[in-house]
Structure formats: C-alpha cells, structure tokens
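Report on one structure; see the data block that follows.
Every number here is computed from the coordinates shown, using simple stated rules; none is lab data. Here the structure is a predicted model, which is why all the values come from computation and not from measurement. For neighbour counting, all protein chains shown are included, and Cβ atoms are generated from backbone atoms with ideal geometry for every residue, glycine included.
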Amino acid sequence: MNRAQLIRESDRLWHLLVAHGFQHRCILCGLSATDPHHWKYIRSVHQYRWVLENGVYTCRTCHNAIEQDPETRARLYAVIADDYPHLWAWAESQPPLGSRPISNWQIKTILAGLQRTADTLGVSYATQKAT
C-alpha cells in the first residue's frame, strides 16, 4: 500500500473501532451516531490520530456543535471526565505534540495494531489488497 492508502485504511479501521467502543451511539445525546471525533488532539497530529483513546463517537448534529460551540465542547469534556475516566486519564498523561509527519513504516505498525485490536474485539473489517 502507498502512503495515501495506509492513511485511508488506518482512518477507516480507527472509525470502526471507535464506533464499536461507543456501541454506535453518540456520546452526548445517545442517538445513533455516524461521526468519530478526535476529542483531544486533532487528526493532523499523526502521533495521536489513530489512538483509540483520542476518539469519541457522535451523531452529525452533536459533532457539528462540538466543532462550532465552545459550550458543547465543554459539555463533551465534562461527559468524558465523568463517564469515561480512562479517556481523560489517557489525555492527561500524553504530552502535547506538534503535527510532524510520521513514516510509512510507523503507519503500517499502527494499522497492524488496529487490526489486532479489531480481531480481538471481533470487529469485522476487510483490508485493501497491498499494491
């Protein structure tokens, strides 16, 4: 796989695993959800882009509100602190990083880890064929 395919496949698998972790329900309203959200570090920070603890699952309405409304974002942080202490603890223990690029080898290693997690959890996925 080339770099773009590795990133796409890692994004897709991360999305599936975050959805599974939240039982396909929005963290804020509890309705059926469709959108993963990087709650602590934005996706351009590749070192944390595919870390499951950096993801929450949201419906489109709540996701848009989180992105645009500081009060909704604060409510998200309160829900995480109260109901998902392992996510909060992870975020508190991670140093802030810049958006420096990572190598294809590092992305392959991350993808392999996501695949092992999916296999362990029984999350169904189909990978693209290597080119």
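Most fluctuating residue of 98, 21, 113 in a GNM of the chain with Cα springs under 10 Å: which is it?
Comparing 98, 21, 113 in the GNM, the peak value goes to 98.
Using a 10 Å cut-off around each Cβ, can you sort 53, 67 from fewest to most neighbouring Cβ atoms? Walk me through the intermediate numbers first.
Details: 53 19, 67 12.
Least crowded to most crowded, the residues run 67, 53.
Around residue 7, with a cut-off of 13 angstrom between Cβ atoms, what is the net charge of the other residues, counting Lys and Arg +1 and Asp and Glu -1? Could the numbers behind the result be given before it?
Values: positive: 3, 8, 12, 43, 49, 108; negative: 9, 11.
Within the 13 Å Cβ shell, the charges total +4.
Calculate one ³J(HN,Hα) per residue across segment 44-59 by plugging θ = phi - 60° into the Karplus curve 6.51 cos²θ - 1.76 cosθ + 1.60, and present them in order as whole Hz with x for glycine and proline.
Result, ordered by residue: 6, 8, 4, 4, 10, 4, 10, 7, 4, 5, 8, x, 10, 10, 9, 7 Hz.
Given 20 °C and 1.002 mPa s, how large is the Stokes-Einstein diffusion coefficient of segment 3-121 in µm²/s, with Rh as the Kirkwood radius over Cα pairs? Provide the component values of the computation, followed by the final result.
Numbers: Rh = 14.8 Å.
D = 145 µm²/s.
Which of the trypsin sites (Lys or Arg not before Pro) across segment 49-131 are loop residues per DSSP, with 12 or fewer other Cβ within 10 Å? Intermediate results must be reported in sequence, preceding the final value.
Values: sites: 49, 60, 73, 75, 108, 116, 129; in loops: 129.
Counting only loop positions with at most 12 other Cβ atoms within 10 Å, the trypsin sites (Lys or Arg not before Pro) in segment 49-131 are 129.
For each of 35, 119, count neighbouring Cβ atoms within 10 Å of the residue's Cβ, then give the residues from fewest to most. If you can, show how the numbers build up before the last one.
Numbers: 35 19, 119 11.
The order, fewest Cβ neighbours first, is 119, 35.
For residue 25, list long-range residues whose amide hydrogen, built 1.01 Å from N in the peptide plane, is under 5 Å from its own amide hydrogen.
Residues meeting the amide H criterion: 33.
Can you compute the helix-only [θ] at 222 nm over the chain? Use -39500 (n - 2.57) per DSSP H run of at least 4 residues, normalise by all residues, nearest 500 deg cm²/dmol. Spell out each step's value before the answer.
Details: 6 runs with 73 residues, N = 131.
Estimated from H runs of four or more residues: -17500 deg cm²/dmol.
For segment 19-24, in order, what is each residue's ³J(HN,Hα) by Karplus, 6.51 cos²θ - 1.76 cosθ + 1.60 with θ = phi - 60°, in whole Hz (x at glycine and Pro)?
Along segment 19-24, the couplings run 4, 4, x, 9, 6, 6 Hz.
Please report the spacing between the Cα centers of segment 92-131 and segment 1-79 in Å, no decimals.
15
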